[in-house]
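The values are calculated or read from the model by the stated rules, or taken from the named source; none is laboratory data. Quick caveat: nothing in here was measured; it's all calculated off a predicted structure. For neighbour counting, all protein chains shown are included, and Cβ atoms are generated from backbone atoms with ideal geometry for every residue, glycine included.
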């Protein structure tokens, strides 16, 4: 939400994005996941098996954490399609329909 390239005119400051996340996490049925596995071995397998640009290392670790724990990763970022074995849901990006939280 704080990435101008993604959000355009609807970009949020980091404080605004944090407030939206906090409000989302307060919704019924939403909880922060606590990993059983750290995904470290999967992360190293990902980064050693391909020429992954350094800017995608954070994505690789999030993907590895999700894979290791059997989670579905939900993101606007279509770069997650590169990770085999990741259960991933790409959200549509329609910032003009979003409301300030």
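For the range 35-52, which positions are assigned to a loop (DSSP other than H, G, I, E, B) and either closer than 17 Å to residue 74 by Cβ or at pLDDT 90 or above (or both)?
Selection gives 35, 36, 37, 38, 39.
Whether any residue in the range 23-37 is in contact with a strand residue (DSSP E or B) (Cβ under 7 Å, 6 or more places away or on another chain) and either in the same structural domain as residue 88 (by TED's automatic domain parsing) or under 20 Å from residue 90 (Cα atoms) (or both) is what I want to check.
No, that holds for no residue.
Among (1) assigned to a helix (DSSP H, G or I); (2) closer than 16 Å to residue 91 by Cβ, where does residue 12 come up short?
Of the numbered conditions (1) assigned to a helix (DSSP H, G or I); (2) closer than 16 Å to residue 91 by Cβ, the odd one out for residue 12 is (1).
So which residues in the range 7-30 are closer than 18 Å to residue 74 by Cβ, in contact with a helix residue (DSSP H, G or I) (Cβ under 8 Å, 6 or more places away or on another chain) and loosely packed, with under 14 Cβ neighbours inside 10 Å, if there are any at all?
Across the range 7-30, the qualifying residue is only 30.
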